[in-house]
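Everything on this sheet refers to the single structure shown next.
The values are calculated or read from the model by the stated rules, or taken from the named source; none is laboratory data. Please read these numbers as outputs of a predicted model, since none were measured by experiment. We place every Cβ from the backbone using ideal geometry, glycine too, and count neighbours over all the protein chains shown. Note: areas computed on protein heavy atoms with side chains; ligands, DNA, RNA excluded. Shrake-Rupley method; radii C 1.70, N 1.55, O 1.52, S 1.80 Å.
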Amino acid sequence: MLIVLSLGGSILAKDLDSARFLKYAKVLQDISKKHTLLVVTGGGEAARNYIEAARAMGADEVTCDYIGIEITRLNARLLIAALGPDGYPEVPSNYLEASKAMNSGKVVVMGGVTPGQTTDAVAAILAEYLRADLLTIATSIDGVYSSDPNCDPNAVKYDIISPEKLINIVMAIEMKAGSKSPVDPVAAKIIERCKLDALVMDARDPSLLGEILGGEAAKKSPVSCGTWITKRK
């Protein structure tokens, strides 16, 4: 199975703890023994701090995006270092480079690509480009809810939803001030247009990634820690 994993910076690089990088790397190494794996790393707190500093200096949003992209690529390099010989040694700067790197048989790790896109969107586009079997968005929320659970105590978690339903939820959440969706609108649209099977899951505990994705039949795993997005019945 070909898996593209969006690994949120908020869980991977929350405080640049080397032990955390090594824990995720160990899980990714185990998954890659059974599946072809490409990882897109987020920027996390460091990216937000750099972007805030740039804005305070009067930088435009495109410049801020490029700064964020550089931080995601630094996180990618740290994860590659943690992977050791199992990681592809370079950080692809675009989807074609990632496709070529995949042929190495190693875990390919990349960061952002284009201003205006989150790393979730990058992962979704990469999954579409490679015709991946599964896109996994690893975040700090255990799936997709009817509204932002951090703002609405009555939010309902979905175990399985369609891509169309995901878009409706994402757009409704994004329109509410202070709310944040677990999947950004661009990524949601990519998932819909290419009919991707996707999983949004809580991966603050690295071992959960191994439990859910490490088996031979990853798409049959339980949804207790996430939400499946699929057109399949």
- Message: Checking ASP148 against (1) open to solvent by 70 Å² or more (accessible area, probe 1.4 Å); (2) acidic (Asp, Glu); (3) out of contact with any Phe, Trp or Tyr (no Cβ under 8 Å at 6 or more places or on another chain), only one condition comes out false. Which one?
- Response: (1)
- What do you reckon, is ALA82 open to solvent by less than 30 Å² (accessible area, probe 1.4 Å), closer than 21 Å to THR136 by Cα, small (Gly, Ala, Ser) and more than 17 Å from the chain's Cα centre (by Cα)? yes
- Residue check, ARG20 among the basic types (Lys, Arg), open to solvent by 10 Å² or more (accessible area, probe 1.4 Å) and either at positive phi or under 15 Å from the mean Cα position of the chain (by Cα) (or both): no
- Message: Whether any residue in region 123-134 is more than 17 Å from VAL40 (Cα to Cα), open to solvent by 10 Å² or more (accessible area, probe 1.4 Å) and of a type outside the set (Gly, Ala, Ser) is what I want to check.
- Response: no
- Task: List every residue pair whose Cβ atoms sit under 6 Å apart, with the two residues 6 or more apart in sequence or on different chains, where the first one lies in region 63-77 and is more than 11 Å from VAL113 (Cβ to Cβ) and the second, anywhere, is in a helix (DSSP H, G or I) and among the β-branched types (Val, Ile, Thr).
- Result: CYS64/ILE51; ILE67/ILE51; GLY68/ILE51
